[in-house]
Amino acid sequence: MVEPMASRRDESFGQQLWQSASRDNPAWVHFLGLCPLLAVSNTLTNAAGLAFASSLVLIGSMLSVSAIRQWIPAAVRLPCFVVVIATFTTVAMLLMQAFLFDVYEKIALFVQIIVTNCLILARVEQVAARQPLTETLANAIGAAAGFSVALLILGATREGIAYFLPIAATPTGAFIIAGLLIALVRLVEQGETNGDLHAASRGESQTDD
């Protein structure tokens, strides 16, 4: 879950951005948006196309909702959020049709359903609707970067492995490789946590001495 607003106001813009991209990574940590993540990551090009579209919609929607949040009635906040997200989804579709049509043809369905992506709606509801523009911008950029990196890594890994093991390009391969990458991320995070605890315990022991 996203940390409460009060606990983040003491953090710098860079710290909030890094937190959203790493320990609050929507894909590797919260497992949001996995359907498009697995579906279009069979090649690096497709992954990059969806990363662009998702980032545009996520950042644009979060900033827009944060800017007008005081005028959104609580009773209709979710329909309002969906309208804003749908607007930016349409913008992303039109831009891709104009400048990236070959890529758009391959991933059109998953660009069109960005409007229903739980990753974006969750960030809008938990962050943009409750925080001012500065905090929202840091969170939006961090979340977009984290999701994009996850997409690009998975796309590059699957495309590379598919040269030797064709199963990597299949839905089965997507689940297997994504699971292995998530396990690797968790191992790295666990190592960092253990390192921090070890450093803290050493500091306490030296203080006691």
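How would you order 127-136, 70-79 from highest to lowest mean count of nearby Cβ atoms within 10 Å?
Answer by packing, highest mean first, reads 127-136, 70-79.
Arrange the following residues from fewest to most other Cβ atoms within 10 Å of their Cβ: Glu105, Glu159.
Result, fewest neighbours first: Glu105, Glu159.
Over the Cα atoms of the range 99-190, Rg to Rh with Kirkwood Rh, two decimal places?
1.04
Here, each number is a calculation from the coordinates, and none is a lab measurement. Small disclaimer: the values here were computed from a predicted structure and weren't measured. Quick reminder, even Gly has a Cβ in these numbers, built from the backbone with ideal geometry, and neighbours come from all protein chains shown.
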